[in-house]
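Each reported figure results from applying straightforward, stated rules to the coordinates on display, with no laboratory input. All values derive from a computational prediction rather than experimental measurement. A quick note on method: Cβ atoms are made from the backbone with ideal geometry, for glycine too, and the neighbour counts reach across all protein chains shown.
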Amino acid sequence: MVRVVEHDGHAPGHAALWLPDTGVLLAGDMLSDVEPPLPFDEITGRTDVASYRAGLDRLAPYVARAAVLVPGHGTVTTEPLRRLEKDLRLLAAMA
């Protein structure tokens, strides 16, 4: 089974994929270890920290249960909570 987790964190229309049978979260353009959080709305050209934070909040329950996190950019990790905590700290510094 695959569950689509819709969120507009990075940009409108983005989504992640949750594979509960294997504990794998395919995070799309979120939770990268090589890029900082990019809360940028390409349509308006503005930074949107609140939407990115809402996207992280939407992904948080899946991150908490994930054994493996696969970001769209960066490396795969078996410590997804650390990646989430890092992004939350970076967003707090942007606010």
Once the dipole of region 1-82 is set up with Lys and Arg at +1 and Asp and Glu at -1 on Cβ about the Cα centre, which of Pro80, Val49, His14 lies farthest towards its positive end?
Pro80
Once R0 is set to 22 Å, what does the formula 1/(1 + (r/R0)^6) return for the Cβ-Cβ distance between Thr22 and Leu81, expressed as a FRET efficiency to the nearest 0.05?
0.80
Extension length gain for Asp57 and Glu35 (0.36 nm per residue less Cα distance), in nm, is 6.0 nm
For the chain, longest principal axis from Cα atoms; helix 49-65 axis from its Cα atoms; angle between them, nearest 10 degrees, is 10 degrees
Per the rule of 0.36 nm per residue minus the C-alpha distance, extending Glu6 to Thr44 adds in nm 11.7 nm
Which distance in Å, rounded to a whole number, links the C-alpha centroids of region 45-60 and region 6-32?
13 Å
Hey, what angle do you get for helix 80-94 against the long axis of the chain, alpha-carbon based, 0 to 90 degrees rounded to 10?
10 degrees
According to the Kirkwood expression over distinct Cα-Cα pairs, how big is the hydrodynamic radius of the chain, in Å?
13.1 Å
